[in-house]
Every structure is written in C-alpha cells, then in structure tokens.
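Colleague: Starting off with a structure, shown below.
The values are calculated or read from the model by the stated rules, or taken from the named source; none is laboratory data. Computed from a predicted structure; not experimentally measured. Cβ: placed from backbone, ideal geometry, glycine included. Neighbour counts: every protein chain shown.
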Amino acid sequence: MQYMPLLTLCISMSIFLYLLLFFFVSVCVGIFYKYGGLYIKATTSDARVSLAQMISMTFRNIDVRSVVDHRIMAKKAGIDIAASFLEAHHLAGGRVNNVIHALIAARKANIQLSFDHACAIDLAGRDVFDAVKTGINPKVVECPDPSKGCATLDAVTKDGIQIKLKVRITLRTNIERIVGGATEETIIARVSEGILATISTFETYKKAFENPDLLSRLVMEKNYDSDTAFQILSVNIVDITIGENIDANLQTGQAEADKRIAQADAVKRRGMALAREQEMKVLTEENIAKILAAEAEVPKAIAQAFREGNLGVMDYYHLKNIQADTEMRASSVSKLGIPPPATKP
C-alpha cells in the first residue's frame, strides 16, 4: 500500500508527458504543413529561408509566400537578396514585386541598378519597374499634352503670323537621377517654352516652314533634360500649320476701338452743342424780354415829355416817321430769313 502514491504519481507524469509530446508533435506537423512546402521549395532552389524566419514573418503579418517566391525569382535571375532585406522593404511600405521585377529587367538589359537604389525609387512613390522599362524601351510623349486640353503649341513670329505646332518628345529614363529628378511634365513645359521663344525670334513665318528641323536642333542644344529623371533622345516636329494673322487682328481691333472712341467723343460734343444751343435760346428769350420791357417805357417817356413841354408835335411826327422807316427796313430783312427785332410804338 505504501507504493500506491508513487504509482499514482508515475501515471500522472506519464499522462502529462504524453500530452506534452502530443502537443509538440502537433505543432511540428502544423509547422511542416504550413511551411514545409515553402521551405523545401526555397532549399531546392538554392534560396534558403529558415523556418524561424518564416514563423517570425507570420507574426509580423507578412506574406511569407510572396517573400519566398520573390527571393527564388531573384536568385534564379542571378541576384541574391536576403529574405530579411525583402521583409524590411515590405515593412517600410514598399512594393517588393515591382522592385524584384525591376532588378531582373535591369540585369537582363545591362542597366546598373542596385537593390538599395531600387528600394529608394519605390519608396519615393515612383514605379521602378516602369522606369526600367522606359530605360529599355524609350517612350514618346506629346507636346503639348492633349490631356491638358491643348491640341497645339501656338507661337507668333515677328510678322504677326500665328504658327501651330505638334511636337513629339522621345524620352529614356535616367536611373541615376530618378530620385529627386523632375518628371516628364517639366520636360514638356521646358520644350514648349523653348519652341515658343525660338519661333518668336523668326522674322517671318516662312522660316519656320522652311527649316522645321532647326527648331529640333535648337531645343536639343538647350539641354532641357537637366535635373530631370529622363534623357531627351529626340524632339520631332510632326505637324506645323499657319494660324491667324495676329498682327492684323490687333490692328483691326485697335481701329475698331479708335472708331468707338471717336463716336463717343462726337456724341459728347453733339450733346454739349445741343446744351449750348438751349442755353443760347434761353438767353435770347431773356434779352427779348428785357428789350420789350425797355420799349414799354418809351410811350410813357413820350407822354411825360409832352406834359413837361420837352417834346413838340413836330418832334412827335418826326419820331413816327423814323419808326415807320425802321419797320420798313425790318420787313426787307425778314425776307432774307432773319427775324426782325420786336418793336412797339
């Protein structure tokens, strides 16, 4: 009976050990089921990733399969990138897929591109794979950009003729300057400015039609791709047409403006003349009223002279003869269209 507690203890310990062994085996089976295929795949591809790394990546919420596949892809292309570097780039918010594809494409095209530089380009927000593709196959951009609402570049020569152009620029990515370099919009703006400035120096529009390649050479000599992420390979004038006669339009507009100013000035002077005419009419009426008032005093003065003996009968008839003579002369003048002065005896 004294051995019963010891026997009981041994049985409990055995059960515990069996449970512990079962748990360990279950964990191993689970790990092998989840990571065994990836581990074997990586090992046989000479791109080994340890099980510990895979488990730690799972805890950090990283797509283990994606990391392993991209490491194998790079290894098969002759680029050995540690899984920890891919993991770090993924945690930094980068796109591992773009970086690996860009490195493989650059290696095949003999373009110098390191993993760190590719990660820097990717983290800067640029599509590094697209940049490498543009370095291999240069792209053509329209100048001006049709998506901005401008169909042609409009320039004016010294003789006032408008020239409309369509330009195509062939660009190749400059990998060394892609980080911090200006984008293609800057190149389009620079080329547009250069072409407009060059055409404005032409004495006549015929020069632009005679030597369209002159514009291309002048633009290429200006080195407009400095401090940009691209290299200008060529600038081609694909279409050139004559627009409006800007100088004639300006002169016509100026003449129309001068005409309107003259008309407004004439209307102003006519209004002032009409106002002056009305003022003179009012002044004439006032003067006539004053004359009539003065003439109304004449009979009174004559009567006063008779009463005081200062005017005789003969003097009175002499005055009447003078008035009759005056009326006769006024009647003769009225036939010429001149109104006679208003008089009263």
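Colleague: Could you check, for segment 162-174, whether at least one of its residues is more than 21 Å from the chain's Cα centre (by Cα), under 30 Å from LEU86 (Cα atoms) and without any contact (Cβ under 8 Å) to a residue 60 or more places away in the chain?
Modeller: yes
Colleague: When you look at PHE209, is it closer than 15 Å to THR157 by Cα, free of Cβ contacts under 8 Å to residues at least 60 places away in the same chain, buried (at least 20 other Cβ atoms within 10 Å of the Cβ) and assigned by TED's automatic domain parsing to the domain that holds VAL167, yes or no?
Modeller: no
Colleague: Going by the structure shown, is ASN287 without any contact (Cβ under 8 Å) to a residue 40 or more places away in the chain and not in a helix (DSSP H, G or I)?
Modeller: Details: without any contact (Cβ under 8 Å) to a residue 40 or more places away in the chain: yes; not in a helix (DSSP H, G or I): no.
It is false that ASN287 is without any contact (Cβ under 8 Å) to a residue 40 or more places away in the chain and not in a helix (DSSP H, G or I).
Colleague: Is it the case that segment 191-213 has a residue that's touching a Lys or Arg at 6+ places or on another chain (Cβ under 6 Å) and closer than 19 Å to SER234 by Cβ?
Modeller: There is at least one residue in segment 191-213 that is touching a Lys or Arg at 6+ places or on another chain (Cβ under 6 Å) and closer than 19 Å to SER234 by Cβ.
Colleague: Could we say that GLN112 is in contact (Cβ under 8 Å) with a residue 40 or more places away in the chain and either part of a loop (DSSP other than H, G, I, E, B) or in the same structural domain as ILE40 (by TED's automatic domain parsing) (or both) here?
Modeller: Yes, satisfied.
Colleague: So is VAL49 surrounded by 18 or more Cβ atoms within 10 Å (Cβ to Cβ), within 50 Å of the chain's Cα centre (by Cα) and under 20 Å from VAL99 (Cβ atoms) or not?
Modeller: no
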